[in-house]
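Quick notes on the structure that follows.
We did not get these values from a lab; they are worked out from the coordinates using the rules stated. All values derive from a computational prediction rather than experimental measurement. Note that we place each Cβ from the backbone using ideal geometry, even for glycine, and neighbour counts take in every protein chain shown.
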Amino acid sequence: MKLVWFLNNLRASDNEALVRACEGRAPVCGLYCFDPLFFSDDRYGFPRTGTFRARFLLQSLHDLSRQLEALNIPLLIAHGDSAKFIPQLVAEHNISEIFLQREWTRDERQLIKRVGASPALQHVPLKPSYDQFLIHPDDLPFADIRDLPEVFTHFRKAVEKALPIRTPLPTPKPRPRDNLTSIRGNAQIPSLEELGLRPPIPDPRTAFPFSGGSSTGHERIQNYFWRSKNITRYKQTRNGLVGTEYSSKLSPWLANGSLSAREIYRELKDFERDVVANEDTYWLQFELLWRDYFKYISMKHGDRLFALGGIRNRQYEWDLDKEKLTAWIEGRTRYDFVNANMRELAATGWMSNRGRQNVASYWARELQQDWRAGAAWFESQLVDYDVHSNYGNWMYNSGVGNDPRDRRFDIERQATVYDPGRRYRELWLGDGT
């Protein structure tokens with residue numbers, strides 16, 4: 001028996017771990033663990049996986065289960081410490097190999113290390129694959145990750161000379177039907193209540209009304225690219241604030257691996273070939289490269305990603321005032337633009353890129369509060385939370401990351417430029433406060 005341990009790669013298509021597990025005739029099963037490491041409160045008292053991202057995750061798992069069922073591969077669900085459950089599963093089902101997506105950030109790395117250290121896995125190899133990039137690490141034009149540029153523009157220009165992007169992997173063929181019946185275990189995906197979370201109240205104002213899962217992710221690509229052709233206006237609208245169409249909204253599916261960056265890139269190139277290629281379509285590629293860049297930055301700098309001084313080891317007079325934190329979270333600051341964005345986040349689990357930059361700049365640069373508390377709140381609330389992009393962007397906006405200009409946002413000017421008619425602020429504040 002071979003095991004696919006699903007982490008942030010919740011798809012059957014373009015999934016190297018799944019493809020490798022399906023080589024040969026041995027039975028295959030999948031596993032997802034609701035590990036308390038990621039479903040508990042953090043040091044600030046925030047649930048690490050809040051209700052919006054948890055709901056999106058559960059929807060994604062239901063979709064993954066259906067995809068795997070079509071391949072005659074069962075998806076087992078575990079609740080509790082992965083380092084205890086996986087060794088038990090190995091013993092019960094005589095598992096010979098475990099395939100997974102390679103992770104390197106602190107918590108994920110330590111969890112995988114604990115699983116691999118179990119005596120039950122002494123003769124059961126963990127076989128990880130780098131499967132979350134647009135450009136595979138082996139294809140980078142740098143001799144060593146230590147040679148990665150500290151400025152995104154230098155990275156982009158280096159990789160765009162060749163743009164070595166691999167073709168997405170095909171979905172494996174269905175296994176023999178007896179593969180389904182040979183495995184016993186819990187396949188029940190929990191509810192939000194069973195995870196200790198309250199279901200969110202639907203908000204008709206949300207800019208992200210979409211459900212989780214690879215199927216809906218591919219449907220979003222069809223709508224945004226091929227049906228509406230909104231991709232042809234992406235650079236012009238990407239700083240928008242209201243509605244579903246100002247940006248691609250693909251980041252939540254990318255974050256939990258329901259879509260791969262390579263799949264999106266392939267669709268983009270097909271669209272450019274068959275419809276039009278312009279500055280707007282290129283800008284989506286540009287954003288995918290930013291996503292890769294933050295992953296490589298976290299790989300290069302390791303746990304500095306979570307240090308107060310960031311990857312630049314910059315020393316500021318940081319503070320952490322609980323009253324200011326609560327006021328920021330609840331949208332009770334001196335800026336109505338910050339307040340509107342924070343209330344949208346609390347009500348929907350979503351915030352625009354323009355909003356994220358402004359609220360982060362206010363918290364870290366203007367108030368000089370510990371940026372990691374802001375990053376932790378985003379981790380708890382954002383439906384598209386990704387450890388690399390979240391902490392990379394927070395460092396960038398807090399003056400301890402990869403911003404060569406060390407900028408601060410003039411929030412009143414930002415509000416005037418990007419919300420000139422106050423449409424966004426009135427949508428989320430109502431009374432304009």
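What ranking do 40-53, 311-324, 350-363 get when scored by the average of other Cβ atoms within 10 Å per residue, highest first?
Highest-to-lowest ranking by the protection proxy: 350-363, 40-53, 311-324.
Tabulate in residue order the Karplus-calculated ³J(HN,Hα) for the stretch 9-23, using 6.51 cos²θ - 1.76 cosθ + 1.60 with θ = phi - 60°, rounded to whole Hz; enter x for Gly and Pro.
Calculated HN-Hα couplings, in order: 9, 8, 8, 9, 8, 6, 10, 5, 4, 5, 4, 5, 5, 7, 6 Hz.
Could you give the distance between the Cα centres of the stretch 122-147 and the stretch 356-390, to the whole Å?
The two parts, judged by their Cα centres, are 28 Å apart.
By a straight-distance test (C-alpha under 26 Å), which lysines pair with Lys157 as possible cross-link partners, with residues fewer than eight away in the same chain excluded?
Result set, ordered by chain and number: Lys235, Lys249, Lys269, Lys295, Lys300.
On average over all directions, what projected area in square nanometres does the stretch 2-131 have, based on the convex hull of its Cα atoms? Don't jump to the answer; show the numbers that get you there.
Numbers: hull surface 31.9 nm².
That works out to 8.0 nm², a quarter of the Cα hull's surface.
Could you line up Cys33, Cys22 from fewest to most neighbouring Cβ atoms inside 10 Å?
Going from least to most buried by this count: Cys22, Cys33.
Just need the relative contact order of the stretch 302-347 here, percent rounded to a whole number, with Cα pairs under 8 Å and 6+ apart.
Once divided by the residue count of the stretch 302-347, the mean separation gives 21 percent.
Mean separation of Cα pairs under 8 Å and 6+ residues apart, divided by the residue count of the stretch 307-429: what relative contact order is that in percent?
Answer for the stretch 307-429 is 30 percent.
Please work out the C-alpha center-to-center distance from the stretch 25-60 to the stretch 149-206 and express it in whole Å.
12
Once the principal axes of the Cα atoms of the stretch 101-177 are found, what is the range along each, listed largest first in whole angstroms?
46, 34, 19
So who's got an amide H within less than 5 Å of the one on Glu97, skipping anything under 5 residues away but keeping other chains? H placed 1.01 Å off N, in plane.
Leu3
Whole-Hz Karplus ³J(HN,Hα) for the stretch 138-144, in order, using 6.51 cos²θ - 1.76 cosθ + 1.60 and θ = phi - 60°, x for Gly and Pro?
Values per residue, Gly and Pro as x: 5, 9, 5, x, 10, 5, 8 Hz.
Name the long-range amide H neighbours of Val28: under 5 Å, sequence gap of 5 or more, or other chain; modelled H, no Pro or chain starts.
Lys2
Given that compact globular proteins tend to follow 2.2 N^0.38 Å, what is the ratio of the alpha-carbon Rg of the chain to that value?
0.98
Under the rule of -39500 (n - 2.57) per DSSP H run of 4 or more residues, summed and divided by the residues of the chain, what mean residue ellipticity at 222 nm is obtained, to the nearest 500 deg cm²/dmol?
Mean residue ellipticity at 222 nm (helix-derived): -12500 deg cm²/dmol.
Scan around Cys33 for amide H atoms under 5 Å from its own, H built in the peptide plane at 1.01 Å from N, and keep only partners 5 or more places away or cross-chain.
Ala78
Please report Asp406, Asp336 as a ranked list, fewest other C-beta atoms within 10 angstrom at the top and most at the bottom.
The order, fewest Cβ neighbours first, is Asp406, Asp336.
Given Cα pairs under 8 Å that are at least 6 residues apart, what percent is the relative contact order of the stretch 1-131?
34
Quick one: of the DSSP bridges fully inside the chain, what percent are antiparallel, nearest 5?
Taking every DSSP beta bridge within the chain, about 5 percent pair in antiparallel fashion.
Sort out for me the Cα centre separation of the stretch 247-299 from the stretch 211-230, rounded to whole Å.
13
Put +1 on the Cβ of each Lys and Arg and -1 on the Cβ of each Asp and Glu in the stretch 2-131; which of Phe99, Ala83, Ala26 then has its Cα farthest toward the positive end of the dipole?
Of the listed residues, the answer is Ala83.
Counting only DSSP beta bridges with both residues in the stretch 2-131, what percent are antiparallel, rounded to the nearest 5?
5
Using every pair of alpha-carbon atoms in the stretch 287-433, split the distances into 5 Å bins beginning at 0 and state the percent of pairs per bin, rounded to integers.
Bin by bin from 0 Å, the calculated values are 2, 10, 20, 23, 20, 15, 7, 3, 1, 0.
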